[in-house]
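Report on the following structure.
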Amino acid sequence: MAAQPAFALNPIDLHEALGYVDYSTTEGRKLYYNAIAPLAEKYDGSQRGLRMFLHHVKQRSTVNGWGSTIFTIPCGTAAAPQSRNLLTQFGQVSVAQCRAFAATYLGQENKARQDSNNLKLFLAQSLGDEIMPKLLQQGNQYVVNGIEDGATMLRVLIAIVGIDTIATVSVIRASLRALPAKMSEVNSNIVTFNEFVREKKGDLDARGETADDLVSSLYEAYQTADDEAFVRYIAHKESAIEDGSAIAADADATMNMAEDKYKIMVVKGQWNAVTKKDEAFIALQAQYDTIRKTQAAIRKGTLVPAKKENGVTGQYAWKSVAPKGKEPTTKTVEGQDYQYCPNGHKNKWVLVKGHKDGCKKDPNHPDYGKSTTFKAMATIIDHEEHESESEEENI
């Protein structure tokens, strides 16, 4: 009877009992070539691309079992032993610690040495021409006992790209304190903004550091977005936390909340949507600005107002003829009552019902000199302020 096949998540797990991969077998050679196969797109050495590159390395590590052999770096002391993961905690692992650990397996006949060599070959084939020369210049740092170590090579690469200095943490924290400026830079795209914050937060996590009051910085930045409805939503959420009616969430949950709201508004076409009130206000504002500019030009003498045609022709020509002497100042024509008005109308005779509250062209009238456009704008503004207050109460 054939033996029951052993269970494993990856083929490499079946070789752990042996202590190394037998490259003399067909399966062993397949594992080798899969381990060293280059990435489809080479890494260019940019800081922005580092996290994605490390993600690809982690995937390769999972399939080939590198995590337990070369990526778990001893970092403690004899009295207080501890270890850290090179891929996720690289900021807390030094090149010297990688070298010291490599010295324990290089030159031995074990899987760790195989993994170190495979990682080295994988890196050499997956790095672009922009970064590879810089890494080669630091070659002496990842040569241990005359042998190039893959894990130490990766740590040196991270140091070159990330510029690991004490000042790095300060720079990252400073960028997280300047989030309102970042919101403006990304034109209030909440998804892009959150990607930036998560990247910087991850950089701090990898170095064993945390951001200073990140949640407060997020609320401050979100309330500088250029959509008023979104800003009111965020302000309401923050107020609920401040008055104790809601529980404060961590930075990740806060970003998810803001991003979900943004995506919903975008899908519904509500993000920066121009309402009919906005359109009316914009149109009136344009008219008002035109009137102001025209009046200013007339006062300065740079514009001569067009001469108005006085009077009406045809059967209504009488409207432009003022009464003479003791002629009556009221008359009825075609069932309509008219009165004479001397206040500069195009027609001298105006409807009585239109002047029952007096003539607005009369200097003694309370509305004399007020622009109808200006008053319409004021009406819209008052209406919008009232509706805004109602929306705040209903949030």
| said: If I filter the stretch 73-83 down to residues being without any contact (Cβ under 8 Å) to a residue 12 or more places away in the chain and closer than 22 Å to Thr62 by Cα, which single residue comes out as surrounded by the most Cβ atoms within 10 Å (Cβ to Cβ)? | reply: Ser83
| field | Residue match in the stretch 267-276 (condition: surrounded by 15 or more Cβ atoms within 10 Å (Cβ to Cβ) and either modelled with pLDDT of 95 or more or in a helix (DSSP H, G or I) (or both)) | value | no
| said: Please go through (1) modelled with pLDDT of 85 or more; (2) over 30 Å from Asp227 (Cβ atoms) for Asn364 and return the number of the only condition it doesn't satisfy. | reply: (1)
| said: For the stretch 86-145: of the residues being among the small types (Gly, Ala, Ser), surrounded by fewer than 20 Cβ atoms within 10 Å (Cβ to Cβ) and within 23 Å of Glu41 (Cβ to Cβ), which is nearest to the chain's Cα centre (by Cα)? | reply: Gly128
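Can you find a residue that is in a helix (DSSP H, G or I), closer than 25 Å to Leu54 by Cβ and free of Cβ contacts under 8 Å to residues at least 60 places away in the same chain anywhere in the stretch 237-252? Walk me through how you get there before you give the answer.
To start, the set of residues in the stretch 237-252 that are in a helix (DSSP H, G or I) comprises 237-242, 251-252.
Subsequent filtering for residues that are closer than 25 Å to Leu54 by Cβ retains 251-252.
After this cut, where a residue has to be free of Cβ contacts under 8 Å to residues at least 60 places away in the same chain as well, the list is 251-252.
The answer is yes, given that some residue of the stretch 237-252 is in a helix (DSSP H, G or I), closer than 25 Å to Leu54 by Cβ and free of Cβ contacts under 8 Å to residues at least 60 places away in the same chain.
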| query | Within the stretch 97-107, is even one residue more than 25 Å from Asp203 (Cα to Cα), assigned to a loop (DSSP other than H, G, I, E, B) and modelled with pLDDT under 90? | reply | yes
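Out of the stretch 180-213, which residues are on the phi > 0 side of the Ramachandran plot and surrounded by fewer than 17 Cβ atoms within 10 Å (Cβ to Cβ)?
First pass over the stretch 180-213, keeping only residues on the phi > 0 side of the Ramachandran plot: 187-188, 208, 213.
Listed by number, the residues that qualify are Asn187, Gly208, Asp213.
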| query | Which pairs have Cβ atoms under 7 Å, sit 6 or more apart or on different chains, and link a residue in the stretch 173-187 that is closer than 19 Å to Arg207 by Cβ and assigned by TED's automatic domain parsing to the domain that holds Tyr222 to one that is among the hydrophobic types (A, V, I, L, M, F, W, C) and modelled with pLDDT of 95 or more? | reply | none
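The values are calculated or read from the model by the stated rules, or taken from the named source; none is laboratory data. Please read these numbers as outputs of a predicted model, since none were measured by experiment. Because the Cβ atoms are built from the backbone with ideal geometry, glycine has one as well, and the counts that use them run over all protein chains shown.
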